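J.: Starting off with a structure, shown below.
The values are calculated or read from the model by the stated rules, or taken from the named source; none is laboratory data. Keep in mind that what you see is a predicted model, and the values were worked out from it rather than measured. Here Cβ is always computed from backbone atoms with ideal geometry, including for glycine, and neighbour counts include all displayed protein chains. Heads up: the accessible areas ignore ligands, DNA and RNA and are worked out on the full protein's heavy atoms, side chains in. Shrake-Rupley method; radii C 1.70, N 1.55, O 1.52, S 1.80 Å.
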Amino acid sequence: MCIRDRSTWGIFFAVDTNDDGRISQREFLNSNLFDALMHVDREEDINKVRNYFSYEHFYVLYCKFWELDTDHDFLISKDDFSRYAGYTLSKKVLDRIFSQAPRKFRSKVEGKMSYEDFVWYLLCEEDKMTNRAIDYWFRVLDLDENGIVTGFELEYFYEEQKQRLEYLNHESVLYEDVLCQMSDIFKPEKEIMFRVEHFRRQRTLAPIFFNIFTNLNKFVAYEQRDPFMLKNEATEFPDYSDWDKFAQNEYSRLAMEEENPDNQFELE
């Protein structure tokens, strides 16, 4: 696998809105791909081009996959995948992803996720503000695939989150309180009936909603957030997406581990 593959998948992830393996003229003109290509042509340092072509982004994606692919056959099983970010995803979410509810795998081996599938997942996981990611996580939660996420579906996912919090001796939040807060934020027209457009209208808040029901580490981080640190981060990197920030932090961590292999355990 090479940076060319990552760049190609990244372009199709962002530009191919129908996910049909084609980019129409309209999709191309409505995207930032032309500007990114011009930027690459002018820029000597490829890492200054964050859209699609960054070596640092490729390196982070490849290393994240390599960490999970223990037998290095470029396929990962559900058990492999469950270890991502310290088992942060719930078993119910893992089941949904490997049932291919949010997106059909491109892997040719049944029950296995390919590198391309993982790249798609990670881009959705680490930046939940994009239309692509919002659609992905909405489909994870939409159990009956009717375009509506109801309170019953959300309770199904939150039940496991609550159990995991209690197991780790974290104070859990009542489901009713979480649901009330999310309804106040996204204001569904019908009570506790969320549609994908609610999250697209409030895309900066969409990650909060999806993390609460799917990602334990990010749910805990939200509950323990430091508003001053978040404000400083937004000021320091005003034009960085959530993916850009994640990739930058992970690349720095990986570079430190490579420079100090004897201290890898301590760094982790």
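J.: Could you name every one of the helices (runs of 4 or more DSSP H) located completely within region 1-101 that has at least 3 residues being of a type outside the set (S, T, N, Q) and closer than 25 Å to Q248 by Cβ? Give the derivation first.
T.: Working: elements: 3-15, 25-30, 33-42, 55-68, 78-82, 91-98.
Helices (runs of 4 or more DSSP H) meeting the threshold: 3-15, 33-42, 55-68.
Here is a yes/no grid of residues against (1) in contact (Cβ under 8 Å) with a residue 40 or more places away in the chain; (2) open to solvent by less than 60 Å² (accessible area, probe 1.4 Å); (3) not aliphatic (A, V, I, L, M):
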{"position": "F12", "(1), (2), (3)": "no, no, yes"}
{"position": "V15", "(1), (2), (3)": "no, yes, no"}
{"position": "R22", "(1), (2), (3)": "no, no, yes"}
{"position": "S31", "(1), (2), (3)": "no, yes, yes"}
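J.: Name the residues in region 121-148 that are open to solvent by 20 Å² or more (accessible area, probe 1.4 Å), under 27 Å from I3 (Cβ atoms) and not in a loop (DSSP other than H, G, I, E, B), would you?
T.: Those that are open to solvent by 20 Å² or more (accessible area, probe 1.4 Å), under 27 Å from I3 (Cβ atoms) and not in a loop (DSSP other than H, G, I, E, B): E126, N131, R132, D135.
J.: Could you check region 154-253 for helices (runs of 4 or more DSSP H) lying wholly inside it with 1 or more residues that are small (G, A, S) and either on the phi > 0 side of the Ramachandran plot or open to solvent by less than 40 Å² (accessible area, probe 1.4 Å) (or both)?
T.: Details: elements: 175-186, 196-201, 206-214, 216-223, 227-236.
Answer list for region 154-253: 175-186, 206-214.
J.: A follow-up question, please. Looking at L141, L94, L122, can you tell me which residue is touching a Ser or Thr at 6+ places or on another chain (Cβ under 6 Å) and among the aliphatic types (A, V, I, L, M)? Before you say what the answer is, go through the steps one by one.
T.: Details: L141 fails: touching a Ser or Thr at 6+ places or on another chain (Cβ under 6 Å); L122 fails: touching a Ser or Thr at 6+ places or on another chain (Cβ under 6 Å).
Criteria check complete, one pass: L94.
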